[in-house]
1. Residue check, residue 68 against (1) under 30 Å from residue 209 (Cβ atoms); (2) open to solvent by 20 Å² or more (accessible area, probe 1.4 Å), all met but one. Which one?
2. Taking residue 82, is it open to solvent by less than 40 Å² (accessible area, probe 1.4 Å), closer than 30 Å to residue 50 by Cα, under 23 Å from the mean Cα position of the chain (by Cα) and free of Cβ contacts under 8 Å to residues at least 60 places away in the same chain?
3. Report yes if some residue within region 99-119 is under 30 Å from residue 45 (Cβ atoms), under 17 Å from the mean Cα position of the chain (by Cα) and either open to solvent by 50 Å² or more (accessible area, probe 1.4 Å) or not charged (D, E, K, R) (or both); otherwise report no.
4. Provide a single number: the residues in region 137-170 that are over 12 Å from the mean Cα position of the chain (by Cα), modelled with pLDDT of 80 or more and in a helix (DSSP H, G or I).
5. Report, by residue number, each residue of region 81-99 that is under 10 Å from residue 170 (Cβ atoms) and not in a loop (DSSP other than H, G, I, E, B).
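The values are calculated or read from the model by the stated rules, or taken from the named source; none is laboratory data. Keep in mind the model is a prediction, meaning the values are calculated, not measured. Here Cβ is always computed from backbone atoms with ideal geometry, including for glycine, and neighbour counts include all displayed protein chains. Each accessible area value is taken on the protein alone, full model and side chains, heavy atoms only, with ligands, DNA and RNA left out. Shrake-Rupley method; radii C 1.70, N 1.55, O 1.52, S 1.80 Å.
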Amino acid sequence: RGEEKTCPALAFTRPVFYGAPVRELRALTIYFAVVFLGAALLAPWIYHGFQAAAQAFPGLRGLASQPFHRYVSRSLMLLALLGLWPLLRSLGVRSWKGIGITSLWPQLPAVFFGLGLGLASLATVAILGVVTGGRTLTLGLFGMKLLHHLAAAARSSLVAIPEELLFRGVLYTRLRAALGDGAGLCLSSLIYAILHFFARPESPSHVEWDSGIEVLRQMSAGFLNGRALVPGFLTLTLGGIILSWLFRSTGSLYGPMALHAAWILWLKLYEAATAGSGGQATWVWGTSKLIDGWSAFVMMLCCAAIVRQWSSKRRPSP
């Protein structure tokens, strides 16, 4: 049973069915449970498969030598992508447009805005950290080594595409529909921050069938580190809110994808090209992660103000 409900701010009429929020929350809970448990059980099989394949194909030795936690994280991403379409079907989404994949041409201003803001914001933090002595530059400004790290950072930034599909296109969209905009915004941003706040555990000496479960448990130990939790977790949560605001104002994922990719690019470059000087500077400029320093949190506040100002000039999207 349902009733017709009009939303004056968005000027459209839609049926609201009682019980739909419960159904959507149940589908999302099952999705994340399957992804995490499945990745923990799948990772040892993939790991041993690469070890065996590397014996016959030497070109795979580089992949086979990766630490086991990388296999767990990649398995998480793989299952998250494979389960995305079944999740969308169970939530009643029948087209990519329903999760923000729209025509690209009208969204080019948002793409350029996201790229510019992402590159300029964290570049400012990174440069100030080096100039003030909070971090030490370990790579030259020119050379093949820097180009190598730049190419690796650019490849890593592509992860912004599936992450925005999941966290903004699916999670924020469905939680917003089920719980309202405020609750959907906060909850989706908290989940985004939680899933990005895992620690990097040591690889086990022997990978058994349950090693993935143990690695996941160790990865969650990052929440017990108060120094890393504040302001790192706050910065990640605010970043999720900013990306959701940009998505909401444009009705498309291209702008958030560009902003997210630019942030990842600088995070990877900062980790590869700088080293910490220790002391109180770590509180300000962070570790190699960059986002765990107060300077990054302050910059995120500035980004939030800029995105809000830019979004206010656009018509909010349903």
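1. (2)
2. Against the criterion (open to solvent by less than 40 Å² (accessible area, probe 1.4 Å), closer than 30 Å to residue 50 by Cα, under 23 Å from the mean Cα position of the chain (by Cα) and free of Cβ contacts under 8 Å to residues at least 60 places away in the same chain), residue 82 does not qualify.
3. Restricting attention to region 99-119, the residues satisfying the condition of being under 30 Å from residue 45 (Cβ atoms) are none.
No, every residue in region 99-119 fails to be under 30 Å from residue 45 (Cβ atoms), under 17 Å from the mean Cα position of the chain (by Cα) and either open to solvent by 50 Å² or more (accessible area, probe 1.4 Å) or not charged (D, E, K, R) (or both).
4. Counting residues in region 137-170 that are over 12 Å from the mean Cα position of the chain (by Cα), modelled with pLDDT of 80 or more and in a helix (DSSP H, G or I) gives 11.
5. Listed by number, the residues that qualify are 84, 87, 88, 98, 99.
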